[in-house]
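The values are calculated or read from the model by the stated rules, or taken from the named source; none is laboratory data. It should be emphasised that the depicted structure is a prediction, and the values quoted were computed from it without experimental measurement. Don't worry about glycine lacking a Cβ; one is built from the backbone with ideal geometry, like all the others, and counts go over all protein chains shown.
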Amino acid sequence: MRRIVPLFLVCSLMLASASVSPVQAARPPEGAAAAAAAAPPAPTRVGMTLGAGDWYVGATPPNVDPAKPVLVFVHGKGGSASVWWDETTYHGTNDMYAYAYNNGYRTAFVSLHPEGTMWANGQLLSSLLNSITSYFGVNRVTIVAHSKGGVDANAASVHYGAAPKIREVITLGTPHRGTPVADLAYSDWAGWLAELLGQRTDAAYVMQTGYMDYFRSVTDGLDPAVRYSTVSGYKCGPVFTALWLGCMYISGEDDGLVPVWSAEKPGGTHLRTGYWDHDEIRMGSRVWSTIAPRLTAAGSPGERAVAAPQPYGGEAAPGNLILRGGPVSGGSAAASFPVERGVTAVTFHVLGSSADLSASLVAPDGTVHPVKLTGRIDEGEVLAGAWIGSAEVQRPQAGEWRLEVTGAKESAYLMVAALEGGVQAVLDRGAGVSLPGESRPVTLRLLGPAVAESRAEARLVRDGAAALGHAEFRSEGGRHVALVEAPEEAGVHALSVTVTGTLRDGSAFERNLVTSFAVFDAGP
C-alpha cells in the first residue's frame, strides 16, 4: 500500500514537501530532537585542492572532552565535506556539525571523489586519516558516514591499511549491499536515458547489487578490530523527487534509495531503523540521539547483530512493475503493455532527459491520463538531471494500455509503472558473483491471482545497451527456471527478466524485473 499514493494525498503532501504512504502515515514520526544550542564557527579547510583530498577541521568546542573520540564525517555519492553543515537537498540546513560541536566533540570532515569508486575513495580516505590522526594527536578516530561514504570507509579499513586508525564506523543509510535503483540505471530499460544524462558514473556502477555482492565477498570479516554500527530509514522522499521514485520502485522498506536490508552491514550492529528518508538520515536533529550512545559506550540496549549475508532472493528485484524506456526517435515514441483484472491502482512514473518531453497514458477505452514532467532529479542522485512526473489511476481498466511520448529529437524516456494488486513476480538470481563462463540458475515464481499460462525470458545486458546473452525460462514445479551463462568478460551485468501471460479470467499481464550480478575471478 505504501507504493501507491492517492492523488488527494499527493496534493497535501506536496505542501508538506514529504511523501508519506498510508502505511507510513499510521506510524508516528520520531519526535524531532532539540535544536543545537549554538551555531558553531565554520570549519577550517586544510589543503587547497578545492576538491577531492581536502579536509576540514571543526572548531574546538568550549566544552571539549578529550576523552571523547575525534569524529570524522564522510559524505556519500555526489557530495563533499560541506554536506554536514550546509543545506540538505530537501530538509533545510544539516545540523550534524552543530550537534557534534555542542556535545563537546572534535570534528573533521573529508572531501572524497564525489563520483569515485570505493577503491579510489578508500585509498584517499586512508591517506587523509593519517593526516587527521596526526593533527589531533590521536591513534584512532570514529567515522560517521552517509550513504556510499560507509562503503568507502569499509574499503579504506580493509584494503588500504586504515583499520589501525579507526575505532568504529557508524553508517547512515549506507548501501552495504547495493541499491536496486543502481541496477535499474544499468538496465536496457533505462540505458538510453542514463547515457544521455551522463549518469553511468563510477559511483553508480559500484552501487549495483551485483557489484556490492562482489565487494562483500572480498571485504567482510577482514577488519575484525573495527566496529561497525548501522542506521537505516523507512520514509519516502518528497513527492516527484528521486527519493519518491525510489520508494515506489524498491520492494520492502527503504529510505527512497537504500533498502533496509542493504543498510544493515553483515557482521555489524544495527542501531535503529527510523522514520527518515535518505536525505535527512544524515542530520543531527534526526539521528544524533541514536548514534550518541554508541560514540562513547561499548554498546547500547536494543542493538542487534546483523547476520552474515545471504543470497538476495526476491528482495533485489521489485516484482510489481512494468517498465518501458528508450529513445524518442523523430520526436515521438510509443509503447503498449497490458494491465490485468484485479489491479486496484497503478502509479505511472515517467522520466525524461529534457523538460520539454511530455507523456500520456491511454487506457483501453481511450481515456487519456497526461503526465507532466515538473520535477528534476538533483545532482549526486542516480539518474540525476532527469525530469520526472507521475500520474495515479485508481481501479485501472483491464486491457492494453499505451504510453505516448513526445519531445525533442535525441531525447530519451523511462516509464516505471508500479501496480497495486494483481500478479507479484519473485525472482531469485542466487549468489551475486559468478566466475567467467559459469552458468547460474535463475528462478521466477508468480504470486497472487491464478495464472492460466505464462512465459518468461531473461536478457543479459552490459552498460544498459550491449546485449550479452538471452535465456528462456522453462516451467518446473510451478516455477520458471533458467540457466544464465555468465560472460567471459569481467564486470557487472544487468539481468532483465520479462514475464507475460494470462490469468484464468482471460486477462493478460506482464511484469518486468531488473537485478544484477558480478563476474570476477577471485580477488579484488
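On the stretch given as the stretch 83-106, residues that are touching a strand residue (DSSP E or B) at 6+ places or on another chain (Cβ under 6 Å) and over 17 Å from V287 (Cα atoms) total 0. Return the residues of the stretch 181-204 that are outside any loop (DSSP other than H, G, I, E, B) and polar (S, T, N, Q); say none if nothing qualifies. Within the stretch 181-204, no residue meets the criteria.
Filtered by the rule that a residue be surrounded by 22 or more Cβ atoms within 10 Å (Cβ to Cβ) and farther than 22 Å from G331 by Cα, the stretch 396-417 gives P396, A417.
Of everything in the stretch 132-158 that is touching a helix residue (DSSP H, G or I) at 6+ places or on another chain (Cβ under 6 Å) and in a helix (DSSP H, G or I), the residue that is farthest from Y205 (Cα to Cα) is T133. Residue check: G501 meets all listed conditions (1) part of a strand (DSSP E or B); (2) under 22 Å from Y186 (Cβ atoms) but one, namely (2). Counting only residues that are surrounded by fewer than 21 Cβ atoms within 10 Å (Cβ to Cβ) and either on the phi < 0 side of the Ramachandran plot or assigned by TED's automatic domain parsing to the domain that holds T88 (or both), the stretch 380-395 holds 6 of them. Restricting the search to strands (runs of 3 or more DSSP E) fully inside the stretch 35-85 and requiring at least 2 residues that are in contact with a helix residue (DSSP H, G or I) (Cβ under 6 Å, 6 or more places away or on another chain) gives 55-57, 71-74.
The set of residues in the stretch 216-258 that are part of a loop (DSSP other than H, G, I, E, B) and closer than 13 Å to T179 by Cα comprises I250, S251, G252, E253, D255, G256, L257, V258.
Looking across the stretch 180-204, the residues that are over 20 Å from R459 (Cα atoms) and not aliphatic (A, V, I, L, M) come down to G198, Q199, T201, D202. Looking across L129, L112, one residue alone is assigned to a helix (DSSP H, G or I), crowded, with 20+ Cβ neighbours inside 10 Å, at pLDDT 95 or above and out of contact with any Cys (no Cβ under 7 Å at 6 or more places or on another chain). It is L129. Against the test of being among the charged types (D, E, K, R), assigned to a strand (DSSP E or B) and closer than 20 Å to W244 by Cα, the options E392, E453, E457 yield a single qualifying residue, E392.
Residues that are out of contact with any strand residue (DSSP E or B) (no Cβ under 9 Å at 6 or more places or on another chain), in the same structural domain as G366 (by TED's automatic domain parsing) and either surrounded by fewer than 17 Cβ atoms within 10 Å (Cβ to Cβ) or not small (G, A, S) (or both): does the stretch 466-480 have at least one? Checked the stretch 466-480: at least one residue is out of contact with any strand residue (DSSP E or B) (no Cβ under 9 Å at 6 or more places or on another chain), in the same structural domain as G366 (by TED's automatic domain parsing) and either surrounded by fewer than 17 Cβ atoms within 10 Å (Cβ to Cβ) or not small (G, A, S) (or both). Reported count of residues in the stretch 132-152, each being of a type in the set (S, T, Y) and either buried (at least 24 other Cβ atoms within 10 Å of the Cβ) or touching a Leu at 6+ places or on another chain (Cβ under 8 Å) (or both), is 2.
Taken residue by residue, the stretch 428-440 has no member that is under 27 Å from L193 (Cβ atoms), more than 21 Å from the chain's Cα centre (by Cα) and not assigned by TED's automatic domain parsing to the domain that holds V206.
Return the pairs, sorted by first residue and then second, in which the second residue is part of a loop (DSSP other than H, G, I, E, B) and among the charged types (D, E, K, R), the first residue lies in the stretch 106-118 and is under 17 Å from M48 (Cβ atoms), the beta carbons are less than 6 Å apart, and the residues are 6+ apart or on different chains. As it stands, the answer is S111/D54, since those pairs meet every condition given.
Selection over the stretch 153-203 of residues that are buried (at least 24 other Cβ atoms within 10 Å of the Cβ) and without any contact (Cβ under 8 Å) to a residue 60 or more places away in the chain gives a count of 2. Check the stretch 400-421 and report whether any residue there is within 15 Å of E510 (Cα to Cα), touching a residue at least 40 places away in the same chain (Cβ under 8 Å), in contact with a Lys or Arg (Cβ under 8 Å, 6 or more places away or on another chain) and not hydrophobic (A, V, I, L, M, F, W, C). Looking for residues that are within 15 Å of E510 (Cα to Cα), touching a residue at least 40 places away in the same chain (Cβ under 8 Å), in contact with a Lys or Arg (Cβ under 8 Å, 6 or more places away or on another chain) and not hydrophobic (A, V, I, L, M, F, W, C), one finds at least one in the stretch 400-421, hence yes. Under 8 Å between Cβ atoms, which residue pairs at least 6 apart in sequence (or on different chains) link something in the stretch 270-298 that is free of Cβ contacts under 8 Å to residues at least 24 places away in the same chain with a partner that is surrounded by fewer than 19 Cβ atoms within 10 Å (Cβ to Cβ)? Cβ pairs passing all conditions: P293/S300. Does the stretch 366-379 contain at least one residue that is touching a residue at least 60 places away in the same chain (Cβ under 8 Å), buried (at least 22 other Cβ atoms within 10 Å of the Cβ), of a type in the set (G, A, S) and assigned by TED's automatic domain parsing to the domain that holds E410? Looking for residues that are touching a residue at least 60 places away in the same chain (Cβ under 8 Å), buried (at least 22 other Cβ atoms within 10 Å of the Cβ), of a type in the set (G, A, S) and assigned by TED's automatic domain parsing to the domain that holds E410, one finds none in the stretch 366-379, hence no.
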